[in-house]
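To start, the structure itself, in structure tokens.
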Amino acid sequence: MLPIPYRIKAKRIEAPNVATLYLEPRGNEQLAPAKPGQFNMLYCFGIGEIPISYSDVDTSTNIIPHTIRGVGAVSRALLQTKKGDIIGLRGPYGSHWPIEEGFGRDIVVIAGGIGLVPLRPLIHLIATQRNKINNAVIFYGARSPKDILFKKEFTRLERNLKLEVIVDIATDGWMGNVGVVTSLLSKASANYNDSIAFVCGPEIMMRFAIEKLIALGQTPNNIFLSMERNMKCAIGHCGHCMFGSHFVCKDGPVFRYSDVEEFFVVREF
Ligand SMILES: Cc1cc2nc3c(=O)[nH]c(=O)nc-3n(C[C@H](O)[C@H](O)[C@H](O)COP(=O)(O)OP(=O)(O)OC[C@H]3O[C@@H](n4cnc5c(N)ncnc54)[C@H](O)[C@@H]3O)c2cc1C
Ligand code: FES
């Protein structure tokens, strides 16, 4: 339960108000390897602790990348840290994206905004395991062109999979898609009757995406989503993250949609 000290080895600005911290263990102690979709609790000493997903999962190194958007006290304090600062990490926690469900089938990934972060390690895995998957399509919606995350990776990824990006508001000479990410789904060459969908983004976006997927023939048991809830303990003790009868920290954050369908319409309070 005690956080392990990690040092900020590097920091990269990804977009306005979003940065990636590359964290290395300060001493001999380090976290166990994680799987795509899992998260850590990041402790900013004297301020607080928040859940943040792995932004990549690379077993060849002990450096952990976490990509953070500043929304409140702790996330903003984390964004203000600099190279050499120490923060506390505990984890990895939670369930992961079950990529193997997509082997021999099509995979559709739908990301909205910062929701691309938990999906990024999965997308990297899809690219390396491409020969086991039929079609692989990634749909990513960002607010505006300057909010698009991890742009530099797109050319490399597009060698292995189809990537469609859309923005809500076109600026900066943007020549691509404009609108909501769900408007792209019917354009996909995916066979929705025999595909697996992985979805992460704001809850409203996930609701519309799931509705559209089902209208296109996807079954609820073939849809996986990652939920966000406020957390304290992250180990299933405090009840802060209750989502219906589930704990998001322990049973999630990645859920099979058919397992949580009945609670999905209930808003967090
Ligand atoms: C499993 C899990 C994984 C997550 N992974 C990431 C990640 O990889 N990167 C990342 O940036 N965030 C991620 N989050 C969200 C992150 O934990 C919250 O943004 C953070 O807890 C906010 O804490 P705070 O103290 O900065 O803000 P608070 O003071 O708690 O909140 C400030 C304001 O922001 C609002 N707010 C809180 N969370 C969000 C949110 N997610 N989106 C929009 N508004 C919000 C609050 O309602 C409040 O109005 C994840 C959350 C979960 C549960
Ligand atoms: S955060 Fe305490 S039970 Fe999930």
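Strands (runs of 3 or more DSSP E) fully within the stretch 158-269 that include at least 1 residues being within 21 Å of the chain's Cα centre (by Cα) and among the basic types (K, R): 162-167, 254-256. Number of residues in the stretch 126-167 that are in contact with a strand residue (DSSP E or B) (Cβ under 8 Å, 6 or more places away or on another chain) and free of Cβ contacts under 8 Å to residues at least 24 places away in the same chain: the value is 1.
Considering only residues in the stretch 152-202 that are over 26 Å from M227 (Cβ atoms) and of a type in the set (D, E), the one that is most open to solvent (accessible area, probe 1.4 Å) turns out to be D172. Of the residues making up the stretch 203-234, those that are open to solvent by 50 Å² or more (accessible area, probe 1.4 Å) and within 16 Å of ligand 1 (Cβ to nearest atom) number 5.
For first residues located in the stretch 255-269 and under 16 Å from R229 (Cα atoms) and modelled with pLDDT under 95, partners that are among the polar types (S, T, N, Q) and outside any strand (DSSP E or B) and lie 6+ apart or on another chain with Cβ distances below 9 Å form the pairs F263/S245; E268/N230.
When you check R76 against the structure, is it more than 16 Å from ligand 2 (Cβ to nearest atom) and farther than 30 Å from Q218 by Cβ, yes or no? The answer is yes for R76. Suppose the filter is within 19 Å of the chain's Cα centre (by Cα), open to solvent by 30 Å² or more (accessible area, probe 1.4 Å) and in contact (Cβ under 8 Å) with a residue 60 or more places away in the chain; does Y54 pass it? For Y54, the condition - within 19 Å of the chain's Cα centre (by Cα), open to solvent by 30 Å² or more (accessible area, probe 1.4 Å) and in contact (Cβ under 8 Å) with a residue 60 or more places away in the chain - is not met. Look at the stretch 90-107: where a residue is over 14 Å from L119 (Cα atoms) and a partner is β-branched (V, I, T) and assigned to a helix (DSSP H, G or I), sitting 6+ places away or on another chain with Cβ atoms under 9 Å, you get G102/I126.
Here is a yes/no grid of residues against (1) under 16 Å from C233 (Cβ atoms); (2) within 13 Å of ligand 1 (Cβ to nearest atom); (3) open to solvent by less than 30 Å² (accessible area, probe 1.4 Å); (4) touching a helix residue (DSSP H, G or I) at 6+ places or on another chain (Cβ under 7 Å):
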| position | (1), (2), (3), (4) |
| --- | --- |
| Q30 | no, no, no, no |
| A34 | no, yes, yes, no |
| N62 | no, no, no, no |
| R69 | no, yes, no, yes |
| S75 | no, yes, yes, no |
| Y93 | yes, yes, no, no |
| P98 | no, no, yes, no |
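The values are calculated or read from the model by the stated rules, or taken from the named source; none is laboratory data. These numbers come from a predicted model, not from an experiment. All Cβ positions, glycine included, derive from the backbone under ideal geometry; neighbour counts span all protein chains shown. Keep in mind that these areas ignore ligands, DNA and RNA; they rest on the heavy atoms of the full protein, side chains included. Shrake-Rupley method; radii C 1.70, N 1.55, O 1.52, S 1.80 Å.
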